[in-house]
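Notes to accompany the following structure.
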Amino acid sequence: MKDLKPIIKSLLRAKTGPLLLLLQIAVTYTILVNAVFMLLQKSEEINVSSGLAESELFWFQMSLHGTREEKMASLFRDLEAIKGLDSVKNAVTLSSIPFSGRGAGHEIRLDRNAVGYITKAAFYSGSFDALETMGLKLIAGEGFTINDERRLFNFGLTVPSGVLITKALAEQLYPEDWQQVLGKTIYLNEDAQPVRGVVEHLIGPWSFWKHRSFNVLFSNVFVTSEVSLMVRVQGTNIEKSIQDVMNIIMQEPLRTVDHLEVLTDLREKAYRSQVAAYNTLKAVVIGLALITMLGVFGQARFTVLKRRKQIGTRRALGASQIAIVRYYVLENAVINVCGIALGVLLAIAANNLLVLHFQLEPVPGLYLAYGGVIIFLAGFFAVLQPAIRAARISPAEATRSV
């Protein structure tokens with residue numbers, strides 16, 4: 001540490017270069033910490049578990065014609081025929097489709113007369129065996145049976161038929177012990193429904209929605225002019241399953257089919273913009289790291305070239321190569337530490353603005369520490385090559401000229 005005092009004096013004399021590098025490190029640190037945090041958040045958002053057997057599922061919307069009774073008969077006749085296919089494991093009706101943007105939601109209360117609501121949730125309404133068909137995992141309570149399924153021509157929740165909810169929603173309603181929700185009555189808008197079971201995960205219809213993991217499942221089949229069917233394939237040949245199903249569906253006169261999509265494709269489409277943002281942020285993070293290292297490398301190299309005579313004199317006076325390397329590494333460390341300290345203040349201020357104006361989560365303190373370590377190590381490795389080169393300057397070569 002005997003070099004620390006002359007290093008500080010030297011940096012104070014040559015203000016411009018060290019100051020510019022210090023500011024570069026501070027700004028880079030500020031952007032890097034916030035960008036990495038947003039990058040990880042975006043990655044979690046893109047890779048969030050859907051709870052679904054995505055690779056085995058496809059869905060489509062089809063039309064029904066005739067009287068109410070004819071529509072009902074047509075729907076269940078087609079469902080039975082589809083279920084009988086060798087290429088199909090099961091098929092169900094669903095009112096909402098994951099990732100599709102097609103669905104509806106409710107305000108959730110634990111008290112019908114409460115002012116305001118606890119949260120909002122989307123709902124899935126369909127066949128009694130929709131849970132098994134979608135590949136959802138029941139972790140508490142019980143699922144639906146065929147006796148629970150109601151077949152309706154108009155949407156309504158006034159009858160307390162019982163619901164399944166996601167674990168994320170249960171944790172929101174009962175933070176201390178989510179299993180307390182079992183058997184309790186929740187109010188969807190103002191309609192009472194007892195909770196009979198909890199599923200581990202289920203993604204909502206809207207990938208961008210902050211409540212996308214808060215979902216409710218009903219065992220109600222609504223027969224309207226347009227119904228959505230979810231099909232789970234048997235085996236891996238999803239194309240054959242789709243063709244087999246369409247051969248059955250299109251036997252009905254006047255039948256139209258819309259939105260035929262595989263769940264994996266639907267997910268990719270839903271997160272396309274988020275993936276683009278993620279890749280952009282990743283490029284920014286990598287670019288910032290490279291720019292910082294190049295800045296430190298350039299500053300250190302310039303310092304070496306500028307001090308050749310001084311280095312040669314020190315070598316002639318007996319300074320070892322290790323002492324020369326140590327001097328430049330320590331000098332760089334001083335600049336790095338000062339830049340990181342300033343960067344911490346700027347990062348906190350910038351994050352507060354992001355939280356205030358864009359409703360983002362605050363950066364955890366651990367990220368500030370990790371960011372400091374990364375920036376410091378980047379500067380350390382960037383200065384090594386110029387420092388080692390400086391240490392190899394011979395006294396004779398350095399003292400020939402100014």
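Modelled spin labels at Asn154 and Ile348, positioned 7 Å past Cα toward Cβ, are 6.0 nm from each other. Taking every alpha-carbon pair in the chain and binning the separations at 20 Å intervals from zero gives 22, 35, 22, 16, 5, 0 percent. With a Förster radius of 22 Å applied to the beta-carbon distance between Arg68 and His259, the computed FRET efficiency rounds to 0.40. With a Förster radius of 56 Å applied to the C-beta separation of Gln234 and Leu330, the computed FRET efficiency comes to 0.25. Comparing Cα centroids, segment 308-387 and segment 109-146 end up 52 angstrom apart.
Calculated FRET efficiency, Arg13 to Ile291, Cβ-Cβ distance, R0 = 30 Å: about 0.65 to the nearest 0.05.
Can you give the Rg/Rh ratio of segment 175-249, where Rg is from the C-alpha atoms and Rh is the Kirkwood radius?
Numbers: Rg = 17.4 Å, Rh = 16.2 Å.
Reported Rg/Rh, Kirkwood definition of Rh: 1.07.
Calculated over segment 87-243, the projected area of the Cα convex hull averaged across directions stands at 9.9 nm².
On average, how much area does the Cα convex hull of segment 22-135 cover when viewed from any direction, in nm²? Could the numbers behind the result be given before it?
On the way: hull surface 53.0 nm².
Projected area, direction-averaged: 13.3 nm².
Considering only alpha-carbon pairs that sit under 8 angstrom and 6 or more positions apart, the relative contact order computed for segment 84-205 is 32 percent. Averaging 1/r across all pairs of distinct Cα atoms in segment 172-299 and inverting the result yields a Kirkwood radius of 20.3 Å.
Per residue, the solvent-accessible area of the chain (1.4 Å probe, heavy atoms of protein chains only, all protein chains present) comes to 50 Å².
Based on the reciprocal of the average 1/r between different C-alpha atoms, the Kirkwood radius for segment 5-88 equals 20.0 Å.
Placing a pseudo-label 7 Å from each Cα along the Cα-to-Cβ vector at Met246 and Glu226 gives an inter-label distance of 2.0 nm. Which of Leu52, Leu138, Leu290 sits closest to the plus end of the dipole of the chain, meaning its Cα is farthest towards the positive end, when Lys and Arg get +1 and Asp and Glu get -1 on the C-beta? Towards the positive end, the residue furthest out is Leu290. Look at the dipole of segment 235-354 built from charges on Cβ: of Thr264, Asn247, Ser320, the Cα furthest out on the positive end belongs to Ser320.
For the pair Ala323 and Asn113, label points projected 7 Å from Cα toward Cβ lie 8.6 nm apart. Once the Cα-Cα distance is subtracted from the 0.36 nm per residue extended length, the Leu20 to Thr185 segment shows a gain of 53.1 nm. Working note: 222 nm ellipticity from helices only, DSSP H runs with n ≥ 4, each -39,500 (n - 2.57), summed and divided by the residues of the chain, gives -17000 deg cm²/dmol to the nearest 500.
The values are calculated or read from the model by the stated rules, or taken from the named source; none is laboratory data. Worth saying up front: this structure is predicted, and the values here are computed from it rather than measured. Reconstructed Cβ throughout: ideal geometry from the backbone, glycine too, with neighbour counts over all protein chains shown. Please note that ligands, DNA and RNA were not included when accessible areas were found on the heavy atoms of the full protein model with its side chains. Shrake-Rupley method; radii C 1.70, N 1.55, O 1.52, S 1.80 Å.
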